[in-house]
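Notes for the one structure printed next.
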Amino acid sequence: MDVVVTGIGLVSSLGESLEASWQNLLAGQSSVRVQQPFIEQKPRPLALIAQQPAELENLTRLAIASVIKDAGLELPLPDCGVVVSSSRSHQAAWENFARHMHAKKSQSDIAQPWLATLPHAPAIAAARQIGAKNSVLAPMAACATGIWTLAQAYELIQTGQCQRAIAGAVEAPITPLTLAGFQQMGALARTGAYPFDRDREGLALGEGAAMFVLETAKQANERQAKIYGQILGFGLTCDAYHANTPEPQSRSAIAAVKQCLERSKLSPTDIDYIHAHGTATKLNDQNEANLLQILFPHGVAVSSTKGATGHTLGASGALGTAFCLMALRDRLLPPCVGLQTPEFNLDFVTTARRSDIRTVLCFSFGFGGQNAVVALKKFDE
């Protein structure tokens, strides 16, 4: 059973819509700016959507509304599955609750709001927004979360549990504790995000959301829906190696790519473009470059868009998938914004490149050794 994508909803720091974000990305623009949202912390490069950090509820609602409109659907959608999640979830709200408790305010004042900030809250909010009464899932796999949602939605459709599902991820990670944690690990950039660059400094946090409507090709054709592309398969593995350091030999990450190719009935030479995880940290980029050289020695076009959008953590794989589908639609490869002097011998896309691409991969590698890969192709009627 062919599973296709008929709608994309994107909210990012690059633009107010999917189309605006895509055009700004193709133009090589970056939304990463040195900013100071919290007076108690020093300025640092961040990718904010507005002047102040976004709220998770608003991002979720906007992205869901956008994807429903883009797919040409009408509410309610009671039979639609929902697979929506976040890595940091309501971290900002939890920090606010902690401040209230420290100030010795009544705990009863925050008990009810707290119940609405549990990790599955974005999925529940999405289901309520569209009137869904089918499966509602909220997988969480650190920075691999976005691709995990696509994989689970794909399986819901493949196993006949539903003919249509909304999948995606949302992240509003700009909080004092999140920034302090990444700073303590030495993972944050000082001036900007430069994936795969010789002088890369680390990641720059960003905020955003990307949602997708997945459905059977049969149903999509029956309602004459536009189709961005087809999901061929996925690979999901875990290093079980370290809390925040990737396995040095990348064996589990390599296994995820191989698993994805096998499930998708593809060989490495079938791949025209790879959207890399490309966080601009020393270890991630080094390990990912090694993996690419091992599995794709013939060479394949590669770029990471985190230099443009910042690292949106759990939503990053969803944003990457959205850009991959736009690349298939327009036959344009997005540039690796921020890359000036490559450290690795790979075919990096440094400016938007026209290409007759048909099959692409999107990578996500998260803390805890969470590895996720999805294969997409241009849909053949």
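The values are calculated or read from the model by the stated rules, or taken from the named source; none is laboratory data. Fair warning: this is a prediction, and the values are worked out from it, not measured in the lab. Neighbour counts are summed over all protein chains in view; Cβ atoms, including those assigned to glycine, are modelled from backbone coordinates with ideal geometry.
Filter the range 167-191 down to residues that are buried (at least 21 other Cβ atoms within 10 Å of the Cβ), out of contact with any Phe, Trp or Tyr (no Cβ under 7 Å at 6 or more places or on another chain) and modelled with pLDDT of 95 or more and give me whichever is farthest from residue 127 (Cα to Cα). By that ranking, first place goes to 189.
Checking each residue in the range 310-354 for being hydroxyl-bearing (Ser, Thr, Tyr), surrounded by fewer than 24 Cβ atoms within 10 Å (Cβ to Cβ) and touching a Leu at 6+ places or on another chain (Cβ under 8 Å) picks out only 350.
Mind checking which residues of the range 132-146 are assigned to a helix (DSSP H, G or I) and of a type outside the set (Val, Ile, Thr)? Within the range 132-146, just 146 meets the criteria. Counting only residues that are surrounded by fewer than 21 Cβ atoms within 10 Å (Cβ to Cβ) and either touching a Phe, Trp or Tyr at 6+ places or on another chain (Cβ under 9 Å) or free of Cβ contacts under 8 Å to residues at least 60 places away in the same chain (or both), the range 199-217 holds 2 of them. Among strands (runs of 3 or more DSSP E) entirely within the range 227-314, having at least 2 residues that are more than 21 Å from residue 351 (Cβ to Cβ) singles out 229-238.
To keep it simple, each residue is scored yes or no on (1) surrounded by fewer than 15 Cβ atoms within 10 Å (Cβ to Cβ); (2) charged (D, E, K, R); (3) modelled with pLDDT of 95 or more.
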residue: 18; (1), (2), (3): no, no, yes
residue: 25; (1), (2), (3): no, no, yes
residue: 44; (1), (2), (3): no, yes, yes
residue: 63; (1), (2), (3): no, no, yes
residue: 68; (1), (2), (3): no, no, yes
residue: 74; (1), (2), (3): yes, yes, yes
residue: 91; (1), (2), (3): no, no, no
residue: 98; (1), (2), (3): yes, no, no
residue: 112; (1), (2), (3): yes, no, no
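Pairs linking a residue in the range 242-258 that is surrounded by 15 or more Cβ atoms within 10 Å (Cβ to Cβ) to a residue that is at pLDDT below 80, with Cβ atoms under 6 Å and 6 or more positions apart or on different chains, are 247/241. Among the residues here, residue 344 qualifies as assigned to a loop (DSSP other than H, G, I, E, B), of a type in the set (A, V, I, L, M, F, W, C) and in contact (Cβ under 8 Å) with a residue 40 or more places away in the chain. Identification of strands (runs of 3 or more DSSP E) wholly contained in the range 1-56 with 3 or more residues that are of a type outside the set (D, E, K, R), under 19 Å from residue 211 (Cα atoms) and in contact with a helix residue (DSSP H, G or I) (Cβ under 9 Å, 6 or more places away or on another chain) yields 3-12. The set of residues from the range 266-305 being touching a Lys or Arg at 6+ places or on another chain (Cβ under 7 Å) and within 15 Å of residue 371 (Cα to Cα) comprises 278, 279, 285.
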